[in-house]
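Laboratory data are not the source of any read-out in this text; all were calculated from the coordinates shown. Because the structure is a prediction, the values reported are computed rather than measured. Ideal geometry is used to build each Cβ from the backbone, glycine not excepted, and the neighbour counts take in all protein chains shown.
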Amino acid sequence: MIKIISANLNGIRSAAKKGFFEWMAAQQADFVCVQELKAQAGDMTDTFLNPPGYFGHFHYAEKKGYSGTGVYSRTQPDAVITGFGNPEFDAEGRYVQCDFGNLSIVSVYCPSGSSSPERQEAKFRFMEVFLPHLAALRAQGREVVICGDWNIAHKEIDLKNWKSNQKNSGFLPEERAWLSRVFDEAGWVDAYRLLHPETTAEAYTWWSNRGQAWANNVGWRIDYHVTTPAIGASGKAAAIYKEARFSDHAPLILHYDWPIQAPV
């Protein structure tokens with residue numbers, strides 16, 4: 001059995017001040033994938049780099065205070081891959097992959113398009129190049145868990161106010177159709193939805209800081225564990241942690257009935 005957590009920190013320094021690393025230590029997870037570090041290598045403390053009992057591997061953005069991803073693991077990986085081979089988005093620190101035998105753990109931070117039309121165009125460019133990468137990764141025959149902030153609510157059930165958001169970034173028809181292709185064409189699995197089918201409403205992982213979104217649970221489900229089918233089917237439990245707030249996202253926790261070091 002392995003326990004994997006995905007958490008968008010909206011700034012690792014901010015999340016640390018809010019108790020994230022104390023909470024993480026108590027979780028006893030095997031892998032913790034983090035996104036939106038908003039830090040460079042020189043900003044990382046020993047606790048950020050290697051919390052007690054963990055090894056950390058990171059992909060930093062070139063731009064200061066922006067993006068960034070990381071994977072914490074209890075054992076050192078056999079291989080670490082930072083970036084997925086696209087210069088534009090690798091410069092933004094959006095992808096880190098750690099391999100353990102035949103198991104790969106990936107932390108990904110897909111672009112948001114909500115700040116400007118230019119960033120939405122960048123998001124579309126990311127989608128265009130990331131789908132072939134997902135297909136190639138799937139073709140390797142490895143078992144993979146891709147944790148992260150995908151910045152897309154897939155279906156109407158995945159956000160509170162879906163009717164009024166159909167023209168907004170994160171719920172555009174093109175974005176939703178692309179995520180459907182990830183599952184239906186490329187053969188990946190939404191591990192949370194396998195355990196909690198679409199009859200389970202309000203499984204939100206992000207709430208706007210504007211207004212009373214958190215208080216009124218006006219949220220979006222944009223954080224996922226996207227997995228290869230076998231490990232996804234082995235999922236035994238899933239939870240969204242909301243007892244404490246470390247950022248505008250909530251950690252997504254899944255347990256899989258799977259060996260950590262699957263044979264190669």
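For this structure, a couple of remarks:
- Potential lengthening of the chain between Trp162 and Asp257 amounts to 30.8 nm, from the contour at 0.36 nm per residue minus the alpha-carbon distance.
- Helix-derived mean residue ellipticity, 222 nm - over the chain, DSSP H n ≥ 4, -39500 (n - 2.57), to 500: -7000 deg cm²/dmol
- Between Gln28 and Thr75, the simple label model (points 7 Å from Cα in the Cβ direction) yields a spacing of 1.8 nm.
- Under 5 Å from the amide H of Asn102 lie the amide H atoms of Ala262, Val264, each residue being 5 or more positions distant or on a separate chain, with H modelled from the backbone and absent for Pro and chain starts.
- Computed from the C-beta positions of Ala177 and Lys242 and an R0 of 35 Å, the FRET efficiency is 0.75 to the nearest 0.05.
- A Förster radius of 25 Å, combined with the Cβ-Cβ distance separating Ser14 from Lys155, puts the computed FRET efficiency at roughly 0.25.
- Sequence-distant contacts, meaning Cα pairs under 8 Å at least 6 residues apart, place the relative contact order of the chain at 21 percent.
- Counting only DSSP beta bridges with both residues in region 2-256, the antiparallel share comes to about 75 percent.
- Vicinal HN-Hα couplings computed from phi for region 140-155 (Karplus, 6.51 cos²θ - 1.76 cosθ + 1.60; Hz; Gly/Pro x): 6, x, 7, 8, 9, 10, 9, 9, x, 8, 8, 6, 9, 8, 6, 10
- Alpha-carbon centroids, region 21-40 and region 158-214: separation in whole Å: 23
- Applying a 4.7 Å Cβ-Cβ cutoff to the chain, the cysteines left without a disulfide-compatible partner are Cys98, Cys110.
- Overall shape: prolate for region 94-195, with the ratio a/c of the largest to smallest alpha carbon gyration tensor axis at 1.5 or above and a/b above b/c.
- Listed candidates (1) 16.9, 50; (2) 17.6, 54; (3) 18.6, 64 - label of the one calculated as Rg and Dmax of the Cα atoms in Å: (1)
- Rg/Rh for region 1-95 stands at 0.95; both radii use Cα atoms, and Rh follows the Kirkwood definition.
- Virtual spin-label span in nm between Ser115 and Ser208, 7 Å along Cα→Cβ: 1.7
- Fewest-first ranking of Asp158, Asp78, using other Cβ atoms within 10 Å as the exposure measure: Asp78, Asp158
- Qualifying lysines (Cα of each under 27 Å from Cα of Lys167; at least 8 residues distant if same chain): Lys123, Lys155
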